[in-house]
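Here is the structure we will look at.
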Amino acid sequence: MQKTYIMLKPDAVKRGLMGRIIGRIEDKGFKIVNAKMFTLTVAQLEEHYAHLKDKPFFKDIVEYMTSGPVLGMIVEGDDVILGMRKIMGATKWLEADAGTIRGDFACSTTQNLIHGSDSEETAEAEIKRFFGE
Ligand code: UDP
Ligand code: MG
């Protein structure tokens, strides 16, 4: 059984969408095995989004991602890493298909509601980073 790190971003929390997004994850058949709410630090973000550090929009990401609490979760299931990426939808909201979380609830590429690990390596590193497991 595979594990992935999922994070409902500050806009999901502020907009009261946590329940509906969690419902979609559970409806799919994936299992939430750990969860906590916390506010990200800039240092955590610089590590988590290291691949974006040189982008002109990085400061906007930091401002957004530290603007309120997030819900971090460890989600378990068969092929859950790719499976979650599929139900999340594409990063850019205009490319996110209807029926996906981002496709149905987001109209911003930065404020796109949800994070999900993109490989086994990042899943392992992110679970360790945020849950110490
Ligand atoms: N992001 C953004 N503009 C972009 C690309 C990414 O604001 O052009 C933000 C967006 O919130 C995205 C996050 O940076 O979810 C991480 O980017 P990544 O490419 O890793 O996309 P994801 O894995 O979240 O789909
Ligand atoms: Mg990513």
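Where the convex hull is taken over the Cα atoms of the chain, what is its projected area averaged over directions, in nm²?
Convex hull of Cα atoms, orientation-averaged projection: 7.3 nm².
Quick check on the exposure proxy: order D54, D11, D118 from fewest to most C-beta atoms within 10 angstrom. Each step should come with its number before you reach the end.
Numbers: D54 7, D11 21, D118 16.
Sorted ascending by nearby Cβ count, the order is D54, D118, D11.
What is the dipole size for the chain, taken about its Cα centre, with +1 at each Lys and Arg Cβ and -1 at each Asp and Glu Cβ, in debye to the nearest 20? Before the final figure, lay out each step's value.
On the way: 18 positive and 20 negative charges, 89 e Å.
Its charge dipole is roughly 420 debye.
Efficiency by 1/(1 + (r/R0)^6): what FRET value for D79 and M18, r their Cβ-Cβ distance, R0 = 35 Å, to the nearest 0.05?
Numbers: r = 24 Å, r/R0 = 0.69.
Step by step, r from the Cβ atoms, then E = 0.90.
For the stretch 55-133, what is the per residue volume of the convex hull drawn over the alpha-carbon atoms, in cubic angstrom? Walk me through the numbers before you get to the answer.
Working: hull volume 8.9 nm³, N = 79.
Spread over its residues, the Cα hull of the stretch 55-133 gives 113 Å³ apiece.
Rank by packing, highest mean first: peptides 95-102, 13-20, with packing defined as the count of other Cβ atoms within 10 Å averaged across residues. Could you put the intermediate results ahead of the total?
Values: 95-102: 15.8, 13-20: 13.5.
Packing order, densest peptide first, comes out as 95-102, 13-20.
Taking a threshold of 25 Å on the Cα-Cα distance, which of the pairs K28/K55; K53/K92; K31/K53 fall above it? Provide the component values of the computation, followed by the final result.
Working: K28/K55 34 Å; K53/K92 18 Å; K31/K53 32 Å.
K28/K55; K31/K53, as the Cα separations exceed 25 Å there.
If contacts are Cα pairs under 8 angstrom and at least 6 residues apart, what is the relative contact order of the chain in percent? Working shown, then result.
On the way: 209 pairs, mean separation 49.7, N = 133.
Computed value for the chain: 37 percent relative contact order.
Given the convex hull of the Cα atoms of the stretch 1-41, what is a quarter of its surface area in nm²?
On the way: hull surface 13.7 nm².
One quarter of the hull surface, i.e. the mean projection, equals 3.4 nm².
Rule-based calculations on the coordinates, nothing more; no lab input. These figures come from a predicted structure and were not determined experimentally. No Cβ is skipped: glycine too gets one built from the backbone with ideal geometry, and neighbour counts run over all protein chains shown.
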